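Here is the structure we will look at, set down as C-alpha cells.
The values are calculated or read from the model by the stated rules, or taken from the named source; none is laboratory data. Given the structure is predicted, the values throughout are model-derived calculations rather than measurements. Cβ coordinates were reconstructed from backbone atoms using ideal geometry, including for glycine residues, and neighbour counts include every protein chain displayed.
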Amino acid sequence: MRTLLVAAALSLGAAAGPGVQAADKVKIGFVSTLSGPSAALGIDIRDAFQLAVKMNGGKLGGLPAEVLVGDDQFKPEVGRQLAEKYVKLDKVDFLTGFVFSNIMLASVPVAFENKTIYVSPNAAPSPLAGKQCNPYFFVASWPNDAYHEAAGQHATNKGYKSVYLIAPNYQAGKDSLAGFKRFYKGSIANEVYTQLGQLDYSAELAQARAAKPDALYIFLPGGMGINFIKQFVAAGLSKDIQLITPGFSSDQDIIRPVGDALLGTIDTAHWALDLDNATNRKFVAAFEKEYQRLPSLFAAQGYDTALLIDAAVRGAKGKVENVETVRKALRDAKFESSHGPFKLNRNQYPIQNYYLRVVARDSQGRLVNKTLGTIFKDHGDAYVQDCPMK
Amino acid sequence: MSWVLIAEQSLNGLQFGLMLFLLAAGLTLVFGIMDMINLAHGSLYMLGAFIAASLVQVTGSFAAGVLLAVPATALLGMILEVSILRTLYARDHLSQVLATFALILILNEAVRLVWGSDAALAMPQALSGPVELVPGLMYPAYRLLIIAVGLAVAVFLFLLINKTRIGMLVRAGASNREMALAMGVNIQALFTLVFGVGAALCAVAGALLGPLLAVQVGMGENILILAFVVIVIGGIGSMRGALLGALLVGIVDTIGRAFLPIAFGAFLPPQFASAAGPAIASVAIYLLMALILFFRPQGLFPARG
C-alpha cells in the first residue's frame, strides 16, 4: 500500500513538472515528542516555532508558511514513519522538530536520501559534526558537548581543585564527561557512572560527601536529574558542595517539578531568559503572553529554528524548490537570534557564546536562570576538523 | 574510609531494606497462607503511591494524605481479592502467574487513564533537609522518617502475628492450611483480611518512597522482583524471615553500590569499576538466594515446621 502511495505521489510530482519558479508557499514538516513523560521539551519547541511563524504574520521568508506537526511518541520507528510521510508524500521543503538524538538519527536519513534539509532545533550529536557531517543537516541549537565544555571551563576559571563527576553508564554519559574534562584543568575527585534510569542516589551522595569535592558536575537528563537534585539538597550537600549542571538540567522545565531545591545551582547554556538583545526581549514577552509560562531554552531553540528558516527562504529569494540555493542561503544566513548574531561553522553547527547562569528569584519572586557572565565567546566544536565539507 | 561514610551507607541499607520488608511482608503472607503467587503485588504499591499523591493534594497535608491512602489501598486490595483473585486459589501456579501478570498490565493502563503516566508527590517541607545525628554525621530527615515508620510497622506486625488471635490464625494457616480449615477457621474471611493488610503495607511503602523516587506507572515491577528474592531467602510465609531477608538484601545492595566501586577503583578504570559495583551487587543478591536455596531450600526461617 505504501509503495502504491509513494508511486502515486511520485507520478503527481512528475506531473507537476520541474518548472522552476518562486514557490507560493514554504512547507515545513515538524516531528517531535509531544506526548508521554518527556513531552515538555518538544511542546516548548513546537510552541515557540509556531509563535515565531505567527509573529511573522504566518510567513517565513516572505512566503506563507504551512507547518505540518506530528508526534513521534518517543518512538524512533514512529518518528521515521512521519519523516518518511512528510518528505516523500507531502514533499516538505524543510524537516525539523526532533528532540531526542536517537529518534532523530533513525529518521533523518530519509531526509538526506531525498535531499530535504533538516534543521535541528535540539539534538546535535558529535558524529554529525565530524566525519559524518552532512550537507542537508543544519543545527540551530548547540553542539552536543558545548554545555559540558563550558562547565569544565567554568570550573577551571573558578580554580576548583577537585570536581566530582556523575553520569549514567552509557555512551552519551561518557561523551558528556569527556567534554567537561576537555576544558577542566583541576583534578577529578571521582568519576561515577550510575545505572541508566537509576532513581535513588543515596549511596552515590554518601560517597560524594565523603570525598569533599569543591564542586559536583552531573549529566543526568530527565527524571534522573530531578531525583538527584532533590536528594542532593535533602542530604544537606548543597551547603558544602557547589552543584554545576548543564543548562537543560536546571532550566524552566526542571524548575517546575523541582522548585526551590534548585536555588543557587550553577549551569551553563547558550541562552538565558535575561539575555539582553532585542530579539530575545521580544521573544520572551510574546511567549509568556501567548502561553502563560516562561520559555525554556528548548523554546528559544525552536524560535531560532524558525528564524533560521525565515532567513534562508528570504536569502534564496523564495526559490525553496531549489535545494542548493536554499543550502547556500542557510550557510550564509545572517539574522539576530534569541542569543544574538547567528553564525554557522563549516560543518553547519553554530559558533556562538556560552554563558554562566545561576538559578535565582526574579523581581516577581519566580525561579529563573540569571546570567552571571560569558564563559566562551564564538565557540565552535571539537569535531569540525574531521568534517570534509568546505 | 571514615566511620561517617560507613554509618551513612548502613543507614541507606537499613532504609532500603525496611521498605523492601513492607512489600515482602504482604507477599510472603499471601504466598505462604494462600499458596498464591501474586505478581500484581507491585501494582498495589503503585496504586498506593498514586492514591497518596492525590490525597496529599486534596487534604493539603502529607501525613493526612498518606494515612488516608493506606486504608483506601487496603480496601482496593480486598475488592481485588474478593472479585478476581479468590477464583485463582484452586488453580495451579502457572495460571496464577498468567492471571496476575495480566492484572499488572490492566492496572498500569488503568492508572495511566486516571492519573496519567506520573503524579507529583513532594516530601513535607519540614523534612526536606538533613539532620545532624551525631557531630559529623548528617542524614536526610525524610529518610530517617522512612526508617522510623519501617521499624514501627515491623514491631506492629510482630505483635499482630505473635500476640493476637488473628495472628495465631494467620500462623496456623501458614504452617498447615488444611488443618486450620479442619479446625473451623473461616479461611475465606482470613484470606481477604490478609490481602487487605498486604495492600496496606504496599501503600505505606509506595507513599513513603514516592517523594524520594518517582510516582510513575510501572514503578512496582522492579521492586517486586527484589521482594520475591526476599521471601525466598527469608522462608515463604515467615514474617521474621521477610524482615531479615529484606535487611540482608538492602544492605548487600547498598554495600555493592557504595564500596565495590572503591575496591575495584584501585585497579580498574572508573567506568568499569562503577559499572562492576552495581552489577556484582545485584548478582550477589541472587547468589545469596541460590546458596540459601541450595543449603536451606525452605529459606532461613521456614513457616512450615
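Checked against the criterion of being surrounded by fewer than 23 Cβ atoms within 10 Å (Cβ to Cβ), of a type in the set (D, E) and assigned to a loop (DSSP other than H, G, I, E, B), the stretch A:246-258 has no qualifying residue. If you take the residues of the stretch B:217-265 that are under 14 Å from the mean Cα position of the chain (by Cα) and within 10 Å of chain A (Cβ to nearest Cβ), which of them is nearest to B:D118 (Cα to Cα)? Only one residue fits best here, namely B:M219. Number of residues in the stretch B:169-207 that are part of a helix (DSSP H, G or I) and either touching a residue at least 60 places away in the same chain (Cβ under 8 Å) or closer than 20 Å to B:L22 by Cα (or both): the value is 25. Look at A:G225 and say whether it is closer than 16 Å to A:Y147 by Cα, touching a residue at least 12 places away in the same chain (Cβ under 8 Å), surrounded by fewer than 22 Cβ atoms within 10 Å (Cβ to Cβ) and assigned by TED's automatic domain parsing to the domain that holds A:A178. Here the answer is yes, as A:G225 does meet what is asked. Considered as a group, the residues in the stretch A:321-335 that are more than 25 Å from the chain's Cα centre (by Cα) and in a loop (DSSP other than H, G, I, E, B) include one that is farthest from A:L34 (Cα to Cα), and that residue is A:N322. If you go through the stretch A:285-305 and pick out every residue that is more than 17 Å from the chain's Cα centre (by Cα) and in a helix (DSSP H, G or I), you end up with 7.
Residues that are in contact (Cβ under 8 Å) with a residue 60 or more places away in the chain and under 20 Å from B:G129 (Cβ atoms) were ranked within the stretch A:243-263; the one that is farthest from the other protein chains (Cβ to nearest Cβ) is A:S250. Residues in the stretch B:126-143 that are farther than 13 Å from A:A206 by Cβ, without any contact (Cβ under 8 Å) to a residue 60 or more places away in the chain and within 11 Å of chain A (Cβ to nearest Cβ): B:L127, B:S128, B:G129, B:V131, B:E132, B:A141.
Taking the stretch B:96-123 as the range and being of a type in the set (S, T, N, Q) and either within 14 Å of chain A (Cβ to nearest Cβ) or more than 21 Å from the chain's Cα centre (by Cα) (or both) as the test, the residues that pass are B:N108, B:S117.
Restricted to the stretch A:110-146, and to residues there that are of a type in the set (G, A, S) and in a helix (DSSP H, G or I), the residue that is nearest to A:Y383 (Cα to Cα) is A:A129.
When B:L39 is tested against (1) touching a Ser or Thr at 6+ places or on another chain (Cβ under 6 Å); (2) farther than 20 Å from B:A246 by Cβ, exactly one condition is not met: (2). The helices (runs of 4 or more DSSP H) found wholly in the stretch A:147-242 and carrying at least 3 residues that are of a type outside the set (S, T, N, Q) and away from chain B (no Cβ under 12 Å) occupy A:171-183. If A:L308 passes every condition in (1) out of contact with any Phe, Trp or Tyr (no Cβ under 6 Å at 6 or more places or on another chain); (2) in a helix (DSSP H, G or I); (3) over 23 Å from A:K390 (Cα atoms) but one, which one does it miss? The number of the failed condition is (3). Against the test of being modelled with pLDDT of 95 or more, out of contact with any Leu (no Cβ under 7 Å at 6 or more places or on another chain) and surrounded by 24 or more Cβ atoms within 10 Å (Cβ to Cβ), the options A:A300, A:A329 yield a single qualifying residue, A:A300.
Taking the conditions (1) part of a helix (DSSP H, G or I); (2) closer than 20 Å to B:N162 by Cβ; (3) at pLDDT below 80 in turn, B:V283 satisfies each one other than (2).
Every condition in (1) within 27 Å of B:A119 (Cβ to Cβ); (2) in contact (Cβ under 8 Å) with a residue 12 or more places away in the chain; (3) surrounded by 18 or more Cβ atoms within 10 Å (Cβ to Cβ) holds for A:I43 except the one numbered (2). Can you say whether A:V320 is among the β-branched types (V, I, T), assigned by TED's automatic domain parsing to the domain that holds A:A129, modelled with pLDDT of 95 or more and within 26 Å of A:V69 (Cβ to Cβ), as far as the supplied structure shows? In short, no. Here A:T268 clears all of (1) under 19 Å from the mean Cα position of the chain (by Cα); (2) in a helix (DSSP H, G or I) except the condition numbered (2).
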